[in-house]
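What follows is a set of notes on a single structure, which appears directly below.
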Amino acid sequence: MVESVNFIVKDKSFEKFMMMTILGTTGDAMDVKMNFFFTFWGLYLLKKKFKPKVAGMPFPMKGMAAKMFRKKLKQFGWEEPWDMIREAVKNGNMKLFPCQMTMDLMGIKKEDLVDFTEEPVGAASFLEMSEGGRIVSL
Amino acid sequence: MVESVNFIVKDKSFEKFMMMTILGTTGDAMDVKMNFFFTFWGLYLLKKKFKPKVAGMPFPMKGMAAKMFRKKLKQFGWEEPWDMIREAVKNGNMKLFPCQMTMDLMGIKKEDLVDFTEEPVGAASFLEMSEGGRIVSL
Amino acid sequence: MVESVNFIVKDKSFEKFMMMTILGTTGDAMDVKMNFFFTFWGLYLLKKKFKPKVAGMPFPMKGMAAKMFRKKLKQFGWEEPWDMIREAVKNGNMKLFPCQMTMDLMGIKKEDLVDFTEEPVGAASFLEMSEGGRIVSL
């Protein structure tokens with residue numbers, strides 16, 4: 001079986017947020033280590049109360065589409081995504097790493113982020129961490 | 001040699017369609033298993049008669065640029081991409097997997113898609129399938 | 001340790017340029033082979049005097065944001081990115097491969113590109129080259 005997958009998350013769209021949720025929690029269910037490295041706009045997904053919008057929709061529908069998708073997901077049994085992520089993090093299978101350098105670049109502080117991320121790391125730590133596993137840039 | 005490459009296709013742009021065509025058919029020629037997992041907007045690329053547009057061009061040229069690129073590709077000996085893909089699929093090297101969950105989410109049905117895709121799968125099947133190979137998110 | 005990472009660069013944004021700079025030069029410092037394969041709009045990043053803009057900002061701020069980020073990066077000790085890339089290329093750890101086919105498609109010539117790229121290659125060469133390493137599509 002795949003041992004670990006190391007994802008780079010660089011966008012703040014609803015689509016990337018859902019890919020991260022689905023892959024992370026599916027990996028947790030399969031007992032695969034899923035490390036997510038958030039850089040540039042991807043850091044926004046970790047911000048408290050940030051509401052991602054649907055990138056693949058024309059401007060006025062971006063926010064509405066996200067709401068509609070969330071509602072449908074609930075119907076399919078996918079409850080509040082952050083509750084699922086928090087659970088996967090608690091299980092030790094899903095890990096959320098903010099990128100230190102782009103945090104500094106974009107003026108984002110550790111306290112702006114949800115409280116179950118790991119300590120911020122740099123690109124070198126990410127490359128070391130991904131030894132023996134995959135690297136996937138979402 | 002690389003044994004298998006497992007691609008995630010999440011956009012519906014002409015660029016991603018061409019990357020999928022070029023990588024998939026090149027892999028076929030090299031006898032490498034190329035699995036493509038279509039999720040979110042990427043599913044549109046599998047829709048019958050869908051015409052992808054060039055994402056990297058400003059609005060009024062998106063459709064025109066796709067036509068122009070197709071014409072040039074023909075001059076380089078790249079005939080109708082779908083014929084090449086169908087051939088690679090027939091050879092058993094290229095496989096097109098629609099993502100079940102995002103199909104449900106976006107109201108896309110199996111009969112909307114070209115008739116040589118595999119059966120729709122979920123994220124868990126994709127992760128299992130990619131064991132021993134690469135995962136590349138286009 | 002990771003032996004080699006093979007990146008596909010398909011966009012011309014400032015964000016992708018910085019990811020390529022940071023990953024490439026970090027890999028160099030760790031003595032990891034970092035191969036970058038530039039296709040479609042990614043080829044623009046290799047063009048002499050091309051100034052990438054910030055994709056994740058609304059239209060009128062795209063250019064300004066790139067300048068602001070460059071200035072901040074300088075404060076953090078990240079000097080002119082191209083000097084760092086040139087150094088990593090000279091060390092033999094970072095390699096820049098233009099994609100021959102999309103160069104032809106987009107009418108880009110070898111002499112349009114910075115003078116320390118490798119010879120243009122095709123998708124088959126890229127897949128062969130990436131044997132034994134990762135493939136990451138930025």
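A few comments on the model shown:
- Candidates A:PRO60, A:GLY27, A:TRP41 compared by Cα position along the dipole of the stretch A:21-78: farthest toward the positive end lies A:PRO60, with charges placed on Cβ.
- At 7 Å out from Cα toward Cβ: B:ARG86 inter-copy label distances (nm, ascending): 5.2, 5.2
- Rounded percent of accessible protein surface that carbon and sulfur make up, the protein assembly as shown, 1.4 Å probe: 54 percent
- Calculated accessible area for the stretch C:1-135 comes out at 45 Å² per residue, all protein chains present (probe 1.4 Å; ligands, DNA, RNA ignored).
- Antiparallel bridge percentage (DSSP; both residues within the protein assembly as shown; nearest 5): 5 percent
- Inter-label distance, A:LYS90 to B:ASP112: 3.6 nm, where each label sits 7 Å from its Cα along the C-beta direction.
- Max mean-square fluctuation residue, GNM over chain C, Cα-Cα springs under 10 Å, options C:GLY27, C:GLY42, C:GLY122: C:GLY122
- Gap separating the Cα centres of the stretch C:27-48 and the stretch A:49-66, nearest whole Å: 32 Å
- Only Lys, Arg, Asp and Glu carry charge here, each on its Cβ (+1 for the first two, -1 for the last two); on that basis the stretch C:1-114 has a dipole of about 560 debye about its Cα centre.
- Averaging the sequence gap over all C-alpha pairs within less than 8 Å and six or more residues apart, then dividing by the number of residues, gives chain C a relative contact order of 37 percent.
- Each chain gives up part of its surface: B and A jointly bury about 2000 Å² of accessible area, both sides summed, for a 1.4 Å probe.
- Counting only DSSP beta bridges whose two residues both lie in chain A, roughly 5 percent are antiparallel.
- Taking the Cα centre of the protein assembly as shown as reference, the dipole from Cβ charges on Lys and Arg (+1) and Asp and Glu (-1) amounts to some 2400 debye.
- Scaled radius of gyration (Cα, divided by 2.2 N^0.38 Å) that the protein assembly as shown gives: 0.94
- Estimated [θ] at 222 nm from DSSP helical runs (n ≥ 4, -39500 (n - 2.57)) normalised by residues in chain A, nearest 500: -12000 deg cm²/dmol
- Listed cross-link partners B:LYS72/C:LYS16; A:LYS48/C:LYS16; A:LYS48/B:LYS110; B:LYS67/C:LYS12 are compared with a 29 Å cut-off, the Cα-Cα value being larger for A:LYS48/B:LYS110.
- Debye intensity ratio in log₁₀ form over the Cα atoms of the stretch B:1-69, taken at each q of 0.25, 0.26 Å⁻¹: -1.07, -1.11
- When only the Cβ of Lys, Arg, Asp and Glu is charged (+1, +1, -1, -1), the dipole of the stretch B:19-75 relative to its Cα centre reaches about 480 debye.
- Calculated FRET efficiency, C:LYS74 to A:LYS47, Cβ-Cβ distance, R0 = 25 Å: about 0.45 to the nearest 0.05.
- For the stretch C:1-53, the relative contact order comes to 52 percent (Cα pairs under 8 Å, sequence separation of at least 6).
- Dipole-positive endmost among C:SER125, C:MET101, C:VAL136 within the stretch C:99-138 (Cβ charges, Cα centre): C:VAL136
- Pair-distance profile P(r), taking every C-alpha pair of chain B, with 10 angstrom steps and integer %: 12, 43, 35, 10, 0
- Shielding score for A:129-137, defined as the mean number of other chain Cβ atoms within 10 Å: 6
The values are calculated or read from the model by the stated rules, or taken from the named source; none is laboratory data. Worth saying up front: this structure is predicted, and the values here are computed from it rather than measured. Note: ideal-geometry Cβ built from the backbone for every residue, glycine included; neighbour counts use all protein chains shown. What goes into the accessible areas is simple: the full protein's heavy atoms, side chains included, and nothing from ligands, DNA or RNA. Shrake-Rupley method; radii C 1.70, N 1.55, O 1.52, S 1.80 Å.
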